[in-house]
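Peer 1: My structure is below; once you've seen it, I'll send some questions.
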Amino acid sequence: MPDSKKKFYISTPIYYPSASPHLGHAYCTTMCDVIARGKRLRGYDVFFVTGLDEHGQKIEKNAEAKGVTPQAFVDEVAKTFTSLWNAMEISNDDFIRTTEERHVSTVQKIFSRMLKQDDIYLSSYTGWYCVHEETFWTETQVEVEGGEHLCPECHRPVEKASEDAYFYRCTKYSDFLTDFFDTHPSFITPESRKNEMINTFIKPGLQDLCVSRTSFTWGVPVLEDPKHVVYVWLDALTNYITSLGYLQEDDSKFQEFWQDENTEIVHVIGADITRFHTIYWPMFLHSLDLREPNRVFVHGLLMMKDGKMSKSKGNAISAYPLIERYGVDAVRYYLVSEVPFGENGIFTPEQFVMRINQDLANNLGNLLNRTVSMIGKYFQGVVPAFEKNVNPTDKELEDLTALTITRYETLVDDLKVTEAYAEIMNLVSRANKYIEENAPWALAKDETKEKELRSVMAHLAHVLFVAGMLLKPILVHKSDAIFDQLGLGNDERHYDLVSDVHLLDDKVVHKGEQLFPRLDAEKEIEAIKVMMAAPKEKAAA
Ligand code: MSP
């Protein structure tokens, strides 16, 4: 497809390096990775970026508490993010840190331009400031409890702050935004988030946004007025274009992945930052005469039984002990399948073990094991040539296989990632049922049924290839183990071949290790509980 090669840009939020990442951060990054890998497999040109939001008062305070400079502090924490992404097999094309020169100098240019065109003006700000969320809240937004003012997001106490500050003129672009929402109905997914934005922020009338601070210094200095640093959201959001080289010497990636109207641009974020991505970000881009992203996808949270997973709460679970014990593919599979993309989910050891046992060991692993064993036993390991519609349920399985491929593509393109992968497991279950229906062990006893037996084996091998290929974005190692056992050469492991029912004709299967050994549920649940009681962080590599 060289000419029409589709382009796809996907980003995670840039995380605060206030502490090392937990499984919740791994959730969002893994979902984006699975989407990015899936698109690459299908021949798209993909740019997948993640990174760190390293400025702000909180980082400054954390560094001070540790007696190190903010830069030394973020450099250390950054290593814990990159080593986790390595361990999780994250295939990001870039890792942007907002303290990098390429980002800092571009933010300054952006600020200057906005100032020049009067999108930004100097005034003073008084409001309720939440240090943790790095957000100013208005009188109507803060929560009041027992006379104390609390942040509506994190419920920590907020402080009244007043200082000289630059403001971004949201009022100037509110018509643009309303229009943009009307003409781009699928910009915010899920739809409920869009309504929330309209009712909470747009309808009551947008207020100008504070974009500089003078009460701390850890930020991008405003060139025109250096006692100000750029306040965190103008700094943070622009990472999505500074990582592509916007206003830098080499802006080829920016031309390819942002300027080209045919590139699909998707930002994946948590609900807590929806306002910034769906209200301010489109306006900032409009100020710069740049296009808006196609989609902001708001995912749910991975929670613990006692609420949102967070370092400060002490209930966060680290991904490392899970990866070490069960392998990265199992952890990736759990994250994708257990928490429907767009909804919240709760991590429990019981569900973790159940997912692996039910889907990976019993369903997928078993299908592979049975198929390879039977081809070995009945056909000396050679996969019989595929023939359509021999047994009564062949057609149904053929149709479901073809349908699964198209459904998977449609669902994943619509970011219904969990549903897309559930389709594949459904096909695998159907294939296991197909074995029972056709009872190959009985066919093998009847010489007149050889054609039927051949057909059963060929169908099963094909389903395994399809499942292995569609699951490859999640099972980055085990999909190859499936292909190895099916006897497929490296040059045949291509997505384009997924509909080729004859690909496996005459291949020689190799029985290998069990794909996912069945876990002793009771023992493993206990082991995970121990991990949860003592979340162990891997030291920075
Ligand atoms: N730095 C800002 C984002 C700037 S983007 C231009 C920020 N950082 S954060 O470290 O707080 O991370 C926010 C994101 O991390 C959330 O939006 C969400 O995607 C992800 N998650 C953090 N905890 C999570 C869970 N417990 N579960 C799922 N995702 C989690 O806000």
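The values are calculated or read from the model by the stated rules, or taken from the named source; none is laboratory data. If you're wondering where the values come from, they're calculated on a predicted model, not measured in any experiment. Virtual Cβ from ideal backbone geometry, glycine too; neighbours counted across all protein chains shown. Note: accessible area is taken over every heavy atom of the protein model, side chains too, but ligands, DNA and RNA are not part of it. Shrake-Rupley method; radii C 1.70, N 1.55, O 1.52, S 1.80 Å.
Peer 1: Does Ser18 fit the bill of being within 10 Å of the ligand (Cβ to nearest atom) and in a loop (DSSP other than H, G, I, E, B)?
Peer 2: Yes; evaluated as a whole, the condition is true for this residue.
Peer 1: Need pairs with beta-carbon distance below 8 Å; first residue of a type in the set (S, T, N, Q) and within the stretch 175-198, second outside any helix (DSSP H, G or I); sequence gap 6+ or separate chains.
Peer 2: The qualifying pairs are Ser186/Asn294; Ser186/Arg295; Thr189/Arg295; Thr189/Val296; Thr189/Phe297; Thr189/Val298; Thr189/Gly342; Thr189/Leu415.
Peer 1: Return yes or no: is Lys61 outside any helix (DSSP H, G or I) and either surrounded by fewer than 23 Cβ atoms within 10 Å (Cβ to Cβ) or within 16 Å of the ligand (Cβ to nearest atom) (or both)?
Peer 2: No.
Peer 1: Right, another one. Specify which of the listed residues (Leu244, Leu237) is free of Cβ contacts under 8 Å to residues at least 60 places away in the same chain, closer than 16 Å to Val49 by Cα and within 15 Å of the ligand (Cβ to nearest atom).
Peer 2: So the residue among Leu244, Leu237 that is free of Cβ contacts under 8 Å to residues at least 60 places away in the same chain, closer than 16 Å to Val49 by Cα and within 15 Å of the ligand (Cβ to nearest atom) is Leu237.
Peer 1: Follow-up. Any residue that is touching a His at 6+ places or on another chain (Cβ under 9 Å), under 17 Å from Ala422 (Cβ atoms) and within 16 Å of the ligand (Cβ to nearest atom) - is there at least one of those in the stretch 343-353?
Peer 2: Yes, that holds for at least one residue.
Peer 1: Go through the stretch 254-286 and report how many residues are away from the ligand (no atom under 15 Å from the Cβ), of a type in the set (Asp, Glu) and not in a strand (DSSP E or B).
Peer 2: Summing the residues that are away from the ligand (no atom under 15 Å from the Cβ), of a type in the set (Asp, Glu) and not in a strand (DSSP E or B) in the stretch 254-286 gives 3.
Peer 1: Consider Gln141 against the criteria (1) open to solvent by 60 Å² or more (accessible area, probe 1.4 Å); (2) within 32 Å of the chain's Cα centre (by Cα); (3) more than 23 Å from Ala19 (Cβ to Cβ): it satisfies all of them except one. Which criterion is unmet?
Peer 2: So Gln141 meets the others, but not (1).
Peer 1: Which residue is most open to solvent (accessible area, probe 1.4 Å), if the candidates are limited to the stretch 287-312 and must be more than 8 Å from the ligand (Cβ to nearest atom) and polar (S, T, N, Q)?
Peer 2: By that ranking, first place goes to Ser312.
Peer 1: Return the only residue of Asp520, Asp506 being open to solvent by 20 Å² or more (accessible area, probe 1.4 Å) and without any contact (Cβ under 8 Å) to a residue 12 or more places away in the chain.
Peer 2: Within the list Asp520, Asp506, the selection yields Asp520.
Peer 1: Give Glu450, Glu437, Glu492 a once-over and let me know the one that is of a type in the set (D, E, K, R), at pLDDT 95 or above and touching a Ser or Thr at 6+ places or on another chain (Cβ under 9 Å).
Peer 2: Every option except Glu437 fails the conditions.
Peer 1: Follow-up question, since we're still on this one. Being within 19 Å of Leu470 (Cα to Cα), open to solvent by less than 10 Å² (accessible area, probe 1.4 Å) and over 19 Å from the mean Cα position of the chain (by Cα) is the requirement here; does Ile356 meet it?
Peer 2: So Ile356 passes the test.
Peer 1: Go through (1) more than 9 Å from the ligand (Cβ to nearest atom); (2) crowded, with 17+ Cβ neighbours inside 10 Å for Lys66 and report which single condition fails.
Peer 2: (2)
Peer 1: Could I ask something else about it? In this structure, does Asn315 turn out to be open to solvent by 10 Å² or more (accessible area, probe 1.4 Å), within 16 Å of the ligand (Cβ to nearest atom) and in a loop (DSSP other than H, G, I, E, B)?
Peer 2: Here the answer is yes, as Asn315 does meet what is asked.
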